[in-house]
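Have a look at the structure below, then the notes.
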Amino acid sequence: MKWRLAALILGCVIVLAVAVSVAGKSPIEALTTLVKGSLGTPRARAGTLQEMTPLLFASIGVFVALRAGLFNIGIEGQFLVGAMTATYAGLKGPGGPMGIGLAILAGSLAGAIWALPPAVIKAYRNGHEVITTIMLNNVASAFTAWVVAGPGKAPDAGSPTSANLPASLNLGNIQLAGVPVSYGLLGGFLLVAVVGWWLSRRVTGYEFRVTGANPRAARAAGINVPQQYLRAMIFSGAIGGLGGAIQVLAYEHRFYDSFSPGYGFDSLGVALLAGSQAWILLPAAGLFAVLAKGGTALDIFGVPKGITIMVLGMVILVVAAIRYRREDSVE
Amino acid sequence: MNNVGELLLIALGLSTPLIFAMLGGFASERGGVINIGLEGMMLSGACMSALVGVAHGPGWGLVAGIVAATSLSLLHWLATQVYRVDQVISGMAINATAAGATNFLNQKFATGASSTVFPELPYQLLALGSVIAVAVVASRTRYGLQLVAVGADPTKARLVGLNPVRIRLLAAIATGLFTGLAGNYLVAETGVFTDNMTAGRGYIALAALILAGWRPVPGLVTALVFGFLSALSIKLQGQAVAGVVLPGEFWTSVPYLLTVLAMAGFVARSRTPAGLGKF
């Protein structure tokens, strides 16, 4: 098996090297451009941290569900409806901290509600959560597109977008080594710590992990497995929605059509990299953010941005080959 | 009457890629391999069809599209069957790889010219014929029965001497062939490739397959219904139905919502292959 893995990794490296040379650039140069464009200047670092924020929140959501054995592909949709709901809650609600609280609550709730059908269908109808969440992602993008183009469109806007949130709803940031760090991102760090602590130190977290490791053993041990599935999915969806709300409050200050360039999908890769350790979400989200931010620099450099997405796909495949192998049958 | 005929023609056109991709999904999932990578395979098929089609004509474009989709399908087979990667994860990875690679290749090599293309009617007839062929193969031939057996219970299939990994290999090639055709057809409509031009059709095809209970002929019906719905949404843009104007996004969402209901057991009886996702 060892040599097979080596072959897989080697294959990926070759594909990428070929792709970069096809673009007419040297691989080393491309790599330096990527690193410089994402970490080289304070401005680039700020951009990378901004990219990291939605990835971190969404991947915490995926991670939680994954620990209970569920694959929440629906995080993209939950993120979208969370962001949209938070925006309109912010527009209608009071300004200042109260408004921020309301928007965060509304976003999380919307995410949880969006995750509810897959949760119920998984828990009580034994329907695969992957299928239902994929379908609801598509519904979410159609639904949010309709809202910002129709009933929720800002009256004077030329494109499908909501009105801008008042400045009092800006989450704000602190300066660290000359780089602005949003309180939203700091909240994400905190959430990682809380989720990690909860999963490893609390009984309810333990029940989650047992269910994920072996649902039959969990049932034998007296754990209500459907209930765990229900909780995991709703919890995961709420975090996804929260991520959407944070994205609006910290960075975007409005909601528009095609709000997410695929944060939900990238976050699946982040969560897979993290495996069973919550804290690994931080470097993993950081890595993906570097690729996303550096990809823009690559694009300007003359290597199309798609190559970073290709890298992500291959990273996911290799990590999965190492870590998520199925062992449930003999050959 | 003329209007109705026109509507049905549009519907058939919109259904054709769904039918091909649905058959691709059938080959894979009937053999027990979850395949959410249909979208990426279609996308790669479309991209290569357009790029090679511009340079060397539509015939080579078709070949290149099928080869590209088949490579990804074989990658899915390799990952899930040899490396035993979780099938959902592998499918996702394939979608990401395809999205990235097609963006990359298209930006590097697209000349702005559009490919000459084949007429659409032969594709549509081929799609209908393929459904019959697949249905016959799956239910009447030795290989088809073996594939269904492997998809129902790979462990028992092993006990009677079948090799699921090998049997799924041929199915993976069929999946590549059909998703490649689906992607090629998208290019045959427009002659050019645009980023993410499949726009979720792979998932709709999966929805059609699931709603049809993983059976080819009912799958044809659901794919045609979905195509008809999209045709309606184009025709009805802004027009009132029974006094209510339904937005296009509503019609877009109907297939997905129906699938969720089906998964909940409200629309169709669940006929999921028992060995789906099992190794």
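Taken over segment B:112-155, residues that are exposed (fewer than 15 other Cβ atoms within 10 Å of the Cβ) and not in a helix (DSSP H, G or I) amount to 5. Evaluated against (1) under 21 Å from the mean Cα position of the chain (by Cα); (2) within 10 Å of chain A (Cβ to nearest Cβ); (3) in contact (Cβ under 8 Å) with a residue 60 or more places away in the chain, B:Ile94 falls short on exactly one condition, (3). Could we say that A:Ala86 is closer than 30 Å to A:Phe301 by Cα, at pLDDT 95 or above and assigned to a helix (DSSP H, G or I) here? So A:Ala86 fails the test. Within segment A:130-147, one or more residues are within 25 Å of A:Asn170 (Cβ to Cβ) and surrounded by fewer than 24 Cβ atoms within 10 Å (Cβ to Cβ). Answer with yes or no whether B:Ala27 is at pLDDT 95 or above, more than 10 Å from the chain's Cα centre (by Cα), assigned to a helix (DSSP H, G or I) and of a type in the set (A, V, I, L, M). Spelling it out, B:Ala27 is indeed at pLDDT 95 or above, more than 10 Å from the chain's Cα centre (by Cα), assigned to a helix (DSSP H, G or I) and of a type in the set (A, V, I, L, M). Within segment A:137-164, the residues that satisfy the criterion of being among the hydrophobic types (A, V, I, L, M, F, W, C) and either within 13 Å of chain B (Cβ to nearest Cβ) or under 19 Å from A:Gly77 (Cβ atoms) (or both) are A:Val139, A:Ala140, A:Ala142, A:Phe143, A:Ala145, A:Trp146, A:Val147, A:Val148, A:Ala149. For segment B:256-267, the candidate set comprises residues that are more than 8 Å from chain A (Cβ to nearest Cβ), touching a residue at least 12 places away in the same chain (Cβ under 8 Å) and not small (Gly, Ala, Ser); within that set, the residue that is surrounded by the most Cβ atoms within 10 Å (Cβ to Cβ) is B:Leu258.
Considering segment A:15-33, and only residues there that are hydroxyl-bearing (Ser, Thr, Tyr) and without any contact (Cβ under 8 Å) to a residue 24 or more places away in the chain, the residue that is farthest from A:Ala297 (Cα to Cα) turns out to be A:Ser21. Counting only residues that are of a type outside the set (A, V, I, L, M) and in contact with a Pro (Cβ under 6 Å, 6 or more places away or on another chain), segment B:116-145 holds 2 of them.
If you check A:Arg125, A:Arg202, A:Arg216 for being away from every other protein chain (no Cβ under 14 Å), within 30 Å of B:Gly25 (Cβ to Cβ) and surrounded by fewer than 18 Cβ atoms within 10 Å (Cβ to Cβ), only one passes: A:Arg216. Against the criterion of being away from chain B (no Cβ under 11 Å), over 16 Å from the mean Cα position of the chain (by Cα) and part of a helix (DSSP H, G or I), A:Gly294 qualifies. Being of a type outside the set (Phe, Trp, Tyr) and surrounded by fewer than 24 Cβ atoms within 10 Å (Cβ to Cβ) is a property that holds for A:Val210.
Here B:Val82 clears all of (1) buried (at least 22 other Cβ atoms within 10 Å of the Cβ); (2) touching a residue at least 60 places away in the same chain (Cβ under 8 Å); (3) within 14 Å of chain A (Cβ to nearest Cβ); (4) not basic (Lys, Arg) except the condition numbered (1).
Among the residues making up segment B:202-217, a single one is facing chain A (nearest Cβ under 10 Å) and of a type in the set (Phe, Trp, Tyr): B:Tyr203. Could you grab me the full set of residues in segment A:248-264 that are in a helix (DSSP H, G or I), surrounded by 24 or more Cβ atoms within 10 Å (Cβ to Cβ) and over 11 Å from the mean Cα position of the chain (by Cα)? Selection gives A:Val248, A:Leu249. Scoring B:Asn103 on the criteria (1) in a loop (DSSP other than H, G, I, E, B); (2) within 10 Å of chain A (Cβ to nearest Cβ) leaves a single failure, condition (1). Scanning segment B:212-226 for residues being under 20 Å from B:Val260 (Cβ atoms) and crowded, with 24+ Cβ neighbours inside 10 Å gives a total of 4. Considering segment A:134-233, the qualifying helices (runs of 4 or more DSSP H), each wholly inside and each with 1 or more residues that are within 20 Å of A:Val81 (Cβ to Cβ), run over A:183-201.
Assessment of segment A:111-131 against the conditions (at pLDDT below 95, polar (S, T, N, Q) and within 15 Å of A:Val248 (Cα to Cα)) yields no matching residue.
Hey, does segment A:106-113 have a residue that's outside any helix (DSSP H, G or I) and more than 10 Å from chain B (Cβ to nearest Cβ)? No: segment A:106-113 contains no residue that is outside any helix (DSSP H, G or I) and more than 10 Å from chain B (Cβ to nearest Cβ). Summed over segment A:170-188, residues that are in contact (Cβ under 8 Å) with a residue 60 or more places away in the chain, within 14 Å of A:Leu242 (Cβ to Cβ) and not hydroxyl-bearing (Ser, Thr, Tyr) total 4. The single condition among (1) more than 13 Å from B:Ala171 (Cα to Cα); (2) within 13 Å of chain A (Cβ to nearest Cβ); (3) within 19 Å of the chain's Cα centre (by Cα) that B:Met22 does not satisfy is (2).
Against the test of being within 12 Å of chain B (Cβ to nearest Cβ), surrounded by fewer than 20 Cβ atoms within 10 Å (Cβ to Cβ) and within 18 Å of the chain's Cα centre (by Cα), the options A:Val319, A:Val315 yield a single qualifying residue, A:Val319.
Among the conditions (1) within 14 Å of chain A (Cβ to nearest Cβ); (2) in a helix (DSSP H, G or I), the only one that B:Leu162 does not satisfy is (2).
For segment B:238-279, residues that are part of a loop (DSSP other than H, G, I, E, B) and modelled with pLDDT under 70 total 11.
Among the residues here, B:Leu62 does not qualify as within 14 Å of chain A (Cβ to nearest Cβ) and surrounded by 22 or more Cβ atoms within 10 Å (Cβ to Cβ). Would you pick out the residues in segment A:174-199 that are of a type in the set (Gly, Ala, Ser) and surrounded by 15 or more Cβ atoms within 10 Å (Cβ to Cβ)? Answer for segment A:174-199, where residues must be of a type in the set (Gly, Ala, Ser) and surrounded by 15 or more Cβ atoms within 10 Å (Cβ to Cβ): A:Ser182, A:Gly184, A:Gly187, A:Gly188, A:Gly196.
The values are calculated or read from the model by the stated rules, or taken from the named source; none is laboratory data. Note that this is a predicted model, so its numbers are computed, not measured. Please note: Cβ atoms are built from the backbone with ideal geometry, for glycine as well, and neighbour counts cover all protein chains shown.
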